[in-house]
1. Restricting to segment 1-50, and then to whatever is closer than 20 Å to Ala68 by Cα and among the β-branched types (Val, Ile, Thr), can you tell me which residue is surrounded by the most Cβ atoms within 10 Å (Cβ to Cβ)?
2. Among the residues of segment 49-68, write down those that are part of a loop (DSSP other than H, G, I, E, B) and in contact (Cβ under 8 Å) with a residue 24 or more places away in the chain.
3. Hey, does segment 77-87 have a residue that's in a loop (DSSP other than H, G, I, E, B) and loosely packed, with under 15 Cβ neighbours inside 10 Å?
4. Among the β-branched types (Val, Ile, Thr), modelled with pLDDT under 95 and surrounded by fewer than 12 Cβ atoms within 10 Å (Cβ to Cβ): is that true of Thr102 in this structure?
5. Among strands (runs of 3 or more DSSP E) lying entirely in segment 1-44, which contain 3 or more residues that are without any contact (Cβ under 8 Å) to a residue 60 or more places away in the chain and under 14 Å from the mean Cα position of the chain (by Cα)?
Amino acid sequence: MMQPPAVLTALPAIGTVYWRADCAKERWAIGMKMFRTSATDQVTFHSGERTLTRIVQPGESVWFPLTAEKVQLLSVVQHTEAGTLKATVNVNFGIPKPGVATVAHCYSYAPPRVSVEIFPR
């Protein structure tokens, strides 16, 4: 059963990163909604051997495919007159919740491990 999207993190001046799960098949997806006050962004998704790149405009959303890959990476690059802003979001669905023997990142109250890096202008 597909769970509704849940907030994972927000990237300053860029947008909000979301995740969702299909728990019956142990698959996860990440996506982004860009802030309306953002600029045009290049969003790159890495998962296993798959790499997908999208150009996303302010206010738009992008979702990447559901996958059983437990490590997923988003890279965002935003070019403006003020300079280049970069961000990376590393999501690891393979680390179990404390006290649980299996991976159980199926609900918004049980998010995966997330590492965020912002590279300022």
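The values are calculated or read from the model by the stated rules, or taken from the named source; none is laboratory data. These figures come from a predicted structure and were not determined experimentally. Cβ sites come from the backbone with ideal geometry, for glycine too, and all protein chains shown count toward neighbours.
1. Narrowing segment 1-50 to residues closer than 20 Å to Ala68 by Cα: 1-8, 17-32, 44-50.
Narrowing the set further to residues that are among the β-branched types (Val, Ile, Thr) leaves 7, 17, 30, 44.
On the way: Val7: 12, Val17: 22, Ile30: 26, Thr44: 15.
By that ranking, first place goes to Ile30.
2. If the condition is that a residue be part of a loop (DSSP other than H, G, I, E, B) and in contact (Cβ under 8 Å) with a residue 24 or more places away in the chain, then Pro58, Gly59, Glu60, Phe64, Pro65, Leu66, Ala68 are the ones that fit.
3. Start the filter on segment 77-87 by keeping residues that are in a loop (DSSP other than H, G, I, E, B), which leaves 81-82.
Add one more test, that the residue is loosely packed, with under 15 Cβ neighbours inside 10 Å, and what stays is 81-82.
Checking segment 77-87: at least one residue is in a loop (DSSP other than H, G, I, E, B) and loosely packed, with under 15 Cβ neighbours inside 10 Å.
4. On the way: among the β-branched types (Val, Ile, Thr): yes; modelled with pLDDT under 95: yes; surrounded by fewer than 12 Cβ atoms within 10 Å (Cβ to Cβ): yes.
Taking the combined requirement at face value, the residue satisfies it.
5. Details: elements: 6-11, 15-22, 27-34.
Hits in segment 1-44: 15-22, 27-34.
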